[in-house]
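Peer 1: Would you mind keeping the following structure in view while I ask a few things?
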2 protein chains.
Amino acid sequence: MKRSNRIVALTDYFIENPREQIQLPYFTKIYQASKSSISEDLDIIDYMFKHEGLGYLQRSAGAAGGVKYIPYNSKEKSIRYITELCHKLEDTSRILPGGYLYMSDILGDPKQVRQIGRILASAFSHLDIDVVVTVATKGIPLAYAVASFLGVPVVIVRRDPKVTEGSSVSINYVSGSSRKIQTMVLPKRSLQEGSNVCIIDDFMKAGGTITGMKSLLEEFNANVKAIGVLAEADDEEDERVVREYTSLVKITNVDMMQNYIEVHPGNFESNCSKK
Amino acid sequence: MKRSNRIVALTDYFIENPREQIQLPYFTKIYQASKSSISEDLDIIDYMFKHEGLGYLQRSAGAAGGVKYIPYNSKEKSIRYITELCHKLEDTSRILPGGYLYMSDILGDPKQVRQIGRILASAFSHLDIDVVVTVATKGIPLAYAVASFLGVPVVIVRRDPKVTEGSSVSINYVSGSSRKIQTMVLPKRSLQEGSNVCIIDDFMKAGGTITGMKSLLEEFNANVKAIGVLAEADDEEDERVVREYTSLVKITNVDMMQNYIEVHPGNFESNCSKK
């Protein structure tokens with residue numbers, strides 16, 4: 001098989017299997033190529049992934065030698081995307097009752113969701129995450145996108161007790177915005193004790209939902225390593241109960257009466273710089 | 001830029017942008033290559049996509065000339081995957097009360113979900129789908145996977161009326177398995193009148209939920225072009241109310257007392273042959 005043909009197959013393999021460790025003999029066997037040919041292929045792919053701001057190949061030495069694709073959105077690409085997103089969201093027809101913003105068109109587009117997931121996954125790339133946790137319903141697609149780039153599974157916390165999955169753990173929590181008592185449930189077998197967890201949601205107001213998830217995760221002795229949201233509401237009235245998180249955009253001003261809305265980049269960029 | 005470098009970037013571009021029509025001058029400009037060089041690159045990628053059972057490039061003639069990547073899982077690959085899935089599901093520890101099956105590990109794994117989505121999208125590849133519709137909660141990840149390969153958005157029907165998205169249409173329906181009256185809601189602005197729709201869900205028993213979705217979609221004058229589910233339950237007691245659908249696996253026998261379960265391939269293969 002010619003190099004250019006091999007490169008199509010290898011590129012596809014890496015994109016479909018992020019963060020999976022593969023031994024070189026696997027490729028030499030499938031493509032009937034020498035180890036040095038495959039090694040040169042990997043150099044080319046690694047160079048181009050970096051060049052296109054997609055990530056890089058992590059090589060490991062040793063008898064067989066392994067390789068792993070780490071997706072990583074370059075900071076420039078991420079910030080460009082976030083800036084465009086802010087403009088898109090500053091459309092007054094998006095204003096919904098209660099200070100919410102219509103984002104279902106963006107969250108309903110698999111390509112946009114994948115892009116947002118790629119950016120958040122890049123921010124948490126170094127954190128050794130075992131599992132992504134979200135709460136039904138709107139955060140689910142984003143959680144899967146983040147998880148796919150981190151190469152980990154997703155666990156979905158439910159708000160309804162109608163769980164048909166055997167014994168489960170539930171907690172009551174106070175929703176920050178509505179001050180109502182609500183319930184969250186997670187089946188016992190869905191999460192291993194002591195997992196390193198990344199919480200993902202679409203929107204954070206005062207942070208009550210995320211605080212609820214944190215309490216529920218404590219019951220599983222999970223370590224919440226990261227919290228990522230697409231949008232946060234800059235609600236001065238409520239005191240934010242969650243401090244450590246990464247947001248892509250911040251909705252600072254929603255005025256239904258004046259039909260006015262302001263959207264700024266979230267803390268993603270400043271969080272990136274801290275590292 | 002060398003051919004092998006260009007091929008990495010082009011392969012990534014196609015995988016990330018399925019079913020998007022791209023004019024060749026777009027590529028010649030970015031990669032500063034002649035139209036004939038890009039055209040040869042595309043021949044190689046098309047050959048390899050077919051060779052690996054991933055799909056093909058659809059070229060169009062004309063002044064500029066365009067190209068589109070159509071993901072298409074080969075039938076052999078799909079059937080191999082379905083057979084493996086059946087074995088995986090025939091694990092008695094998966095049996096849940098009510099004849100349900102624990103599938104959250106599979107539906108929680110983004111890679112498996114993507115694979116299932118690729119298979120269903122291939123089955124509906126010729127149907128000119130505008131949008132994928134699912135109902136909260138468990139079908140959501142699968143709906144996104146199917147939609148990403150069809151290059152269309154996802155619309156999520158909610159079971160709770162707590163929709164903060166402006167005016168909405170709701171219907172009551174009778175759940176086939178529990179015989180209870182339930183509600184489904186869809187915000188008006190989320191679906192265009194007259195859309196070609198593909199309904200996706202994780203599990204179908206008698207089909208009450210899917211029938212409910214069909215009624216709701218009638219209110220939007222949508223054309224339900226396809227229905228795809230991961231698993232169907234072969235429940236002889238209930239008469240199935242949905243006739244036209246594609247399932248990957250069929251759970252034919254769940255016996256909690258005897259701790260026994262049988263899982264067979266669904267109608268995917270016979271549906272494929274009909275075409």
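The values are calculated or read from the model by the stated rules, or taken from the named source; none is laboratory data. Predicted model, so just to flag it, every value in this text is computed and none were measured. Note: ideal-geometry Cβ built from the backbone for every residue, glycine included; neighbour counts use all protein chains shown.
Peer 1: If I filter the stretch A:191-209 down to residues being without any contact (Cβ under 8 Å) to a residue 60 or more places away in the chain and in a loop (DSSP other than H, G, I, E, B), which single residue comes out as nearest to residue A:167 (Cα to Cα)? Steps first, please.
Peer 2: Let us first name the residues in the stretch A:191-209 that are without any contact (Cβ under 8 Å) to a residue 60 or more places away in the chain, namely A:193-194, A:204, A:206-208.
From the residues that got through so far, the ones that are in a loop (DSSP other than H, G, I, E, B) too are A:193-194, A:206-207.
Working: A:193: 15, A:194: 18, A:206: 30, A:207: 27 Å.
The residue in question is A:193.
Peer 1: Go over the candidates B:94, B:59 one by one and state the one that is in contact (Cβ under 8 Å) with a residue 24 or more places away in the chain, surrounded by fewer than 20 Cβ atoms within 10 Å (Cβ to Cβ) and touching a strand residue (DSSP E or B) at 6+ places or on another chain (Cβ under 7 Å). Before you say what the answer is, go through the steps one by one.
Peer 2: Working: B:59 fails: in contact (Cβ under 8 Å) with a residue 24 or more places away in the chain.
One residue alone meets the criteria, B:94.
Peer 1: For the stretch A:83-99, indicate whether the set of residues that are under 27 Å from residue A:160 (Cα atoms) and under 13 Å from the mean Cα position of the chain (by Cα) is non-empty. So that I can check it myself, show each step before the final result.
Peer 2: Restricting attention to the stretch A:83-99, the residues satisfying the condition of being under 27 Å from residue A:160 (Cα atoms) are A:96-99.
This time we only want the ones that are under 13 Å from the mean Cα position of the chain (by Cα), so: none.
Checking the stretch A:83-99: not a single residue is under 27 Å from residue A:160 (Cα atoms) and under 13 Å from the mean Cα position of the chain (by Cα).
Peer 1: Going through the stretch B:119-129 one residue at a time, which ones are buried (at least 18 other Cβ atoms within 10 Å of the Cβ) and farther than 18 Å from residue B:267 by Cβ?
Peer 2: B:129 - this is the single residue of the stretch B:119-129 that is buried (at least 18 other Cβ atoms within 10 Å of the Cβ) and farther than 18 Å from residue B:267 by Cβ.
Peer 1: If you go through the stretch B:113-166, how many residues are at pLDDT below 95 and among the acidic types (Asp, Glu)?
Peer 2: Qualifying residue count for the region: 2.
Peer 1: Next question, about the same structure. In the stretch B:1-46, which residues are of a type in the set (A, V, I, L, M) and outside any helix (DSSP H, G or I)? Even if it seems obvious, please write down each step before you answer.
Peer 2: Taking the stretch B:1-46 and keeping what is of a type in the set (A, V, I, L, M), we get B:1, B:7-10, B:15, B:22, B:24, B:30, B:33, B:38, B:42, B:44-45.
Those that are of a type in the set (A, V, I, L, M) and outside any helix (DSSP H, G or I): B:1, B:22, B:33.
Peer 1: Would you confirm, using the coordinates I've provided, whether residue B:34 is polar (S, T, N, Q) and more than 9 Å from chain A (Cβ to nearest Cβ)?
Peer 2: Details: polar (S, T, N, Q): yes; more than 9 Å from chain A (Cβ to nearest Cβ): yes.
Yes.
Peer 1: Residues of the stretch A:188-210 being more than 25 Å from residue A:113 (Cβ to Cβ) and not charged (D, E, K, R), which ones?
Peer 2: Step one: list which residues in the stretch A:188-210 are more than 25 Å from residue A:113 (Cβ to Cβ), which gives A:188-189, A:192-194.
Residues satisfying the conditions are A:192, A:194.
Peer 1: How many of the residues making up the stretch B:21-51 are at pLDDT 95 or above and within 21 Å of the chain's Cα centre (by Cα)?
Peer 2: Going through the stretch B:21-51 one residue at a time, the tally reaches 2.
Peer 1: Taking residue B:251, is it at pLDDT below 95 and closer than 15 Å to residue B:133 by Cα?
Peer 2: no
Peer 1: While we're on this one: Looking only at the stretch A:1-31, filter to residues that are of a type in the set (Lys, Arg) and within 13 Å of chain B (Cβ to nearest Cβ); which one of those is surrounded by the most Cβ atoms within 10 Å (Cβ to Cβ)? It would help to see each step written out before you state the result.
Peer 2: We begin by selecting, within the stretch A:1-31, every residue of a type in the set (Lys, Arg); these are A:2-3, A:6, A:19, A:29.
Subset that is within 13 Å of chain B (Cβ to nearest Cβ): A:2-3, A:6, A:19.
On the way: A:2: 11, A:3: 17, A:6: 24, A:19: 18.
Ranking the qualifying residues of the stretch A:1-31, first place goes to A:6.
Okay, residues lined up against (1) touching a helix residue (DSSP H, G or I) at 6+ places or on another chain (Cβ under 8 Å); (2) closer than 23 Å to residue A:158 by Cβ:
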| site | (1), (2) |
| --- | --- |
| B:84 | no, no |
| B:98 | no, yes |
| B:104 | yes, yes |
| B:115 | yes, no |
| B:121 | yes, no |
| B:124 | yes, no |
| B:136 | no, yes |
| B:149 | yes, no |
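Peer 1: Being modelled with pLDDT of 95 or more and surrounded by fewer than 20 Cβ atoms within 10 Å (Cβ to Cβ): is that true of residue B:105 here?
Peer 2: On the way: modelled with pLDDT of 95 or more: no; surrounded by fewer than 20 Cβ atoms within 10 Å (Cβ to Cβ): yes.
In short, no.
Peer 1: Within the stretch B:52-97, track down each residue that is touching a Ser or Thr at 6+ places or on another chain (Cβ under 6 Å) and closer than 26 Å to residue B:233 by Cβ. Give the derivation first.
Peer 2: From the stretch B:52-97, those touching a Ser or Thr at 6+ places or on another chain (Cβ under 6 Å) are B:53, B:66, B:72-73, B:96; that's our starting set.
Result: B:73, B:96.
Peer 1: Right, here's the next one. Looking only at the stretch B:254-275, which residues are among the charged types (D, E, K, R) and modelled with pLDDT of 90 or more? Give the derivation first.
Peer 2: Step one: of the stretch B:254-275, the residues among the charged types (D, E, K, R) are B:255, B:262, B:269, B:274-275.
Of everything in the stretch B:254-275, just one residue is among the charged types (D, E, K, R) and modelled with pLDDT of 90 or more, namely B:262.
Peer 1: Step by step: first the residues of the stretch B:248-271, then only those that are more than 23 Å from the chain's Cα centre (by Cα) and of a type in the set (A, V, I, L, M), then the one that is surrounded by the most Cβ atoms within 10 Å (Cβ to Cβ). Which residue is that?
Peer 2: Residues of the stretch B:248-271 more than 23 Å from the chain's Cα centre (by Cα): B:253-262.
Still in the list and also of a type in the set (A, V, I, L, M): B:254, B:256-257, B:261.
Numbers: B:254: 22, B:256: 13, B:257: 5, B:261: 20.
Once the filter is applied, the top-ranked residue is B:254.
Peer 1: Select from the stretch B:89-118 the residues that are acidic (Asp, Glu) and closer than 23 Å to residue B:270 by Cβ and list them in ascending order. Let's see the steps before the verdict.
Peer 2: First, the residues of the stretch B:89-118 that are acidic (Asp, Glu): B:90-91, B:105, B:109.
Correct list: B:90 only.
Peer 1: Could you name every one of the helices (runs of 4 or more DSSP H) located completely within the stretch B:72-156 that has at least 3 residues being facing chain A (nearest Cβ under 10 Å)? Reasoning before the result, please.
Peer 2: Numbers: elements: B:75-89, B:104-107, B:110-123, B:140-150.
Filter on the stretch B:72-156 gives B:104-107, B:110-123, B:140-150.
Peer 1: Any residue in the stretch A:173-188 that is without any contact (Cβ under 8 Å) to a residue 24 or more places away in the chain, away from chain B (no Cβ under 14 Å) and either of a type in the set (Lys, Arg) or more than 22 Å from residue B:143 (Cβ to Cβ) (or both)?
Peer 2: Within the stretch A:173-188, one or more residues are without any contact (Cβ under 8 Å) to a residue 24 or more places away in the chain, away from chain B (no Cβ under 14 Å) and either of a type in the set (Lys, Arg) or more than 22 Å from residue B:143 (Cβ to Cβ) (or both).
A quick yes/no check of all residues on (1) over 25 Å from residue B:125 (Cβ atoms); (2) part of a loop (DSSP other than H, G, I, E, B):
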{"residue": "B:211", "(1), (2)": "yes, no"}
{"residue": "B:221", "(1), (2)": "no, yes"}
{"residue": "B:231", "(1), (2)": "no, no"}
{"residue": "B:261", "(1), (2)": "yes, no"}
{"residue": "B:270", "(1), (2)": "no, no"}
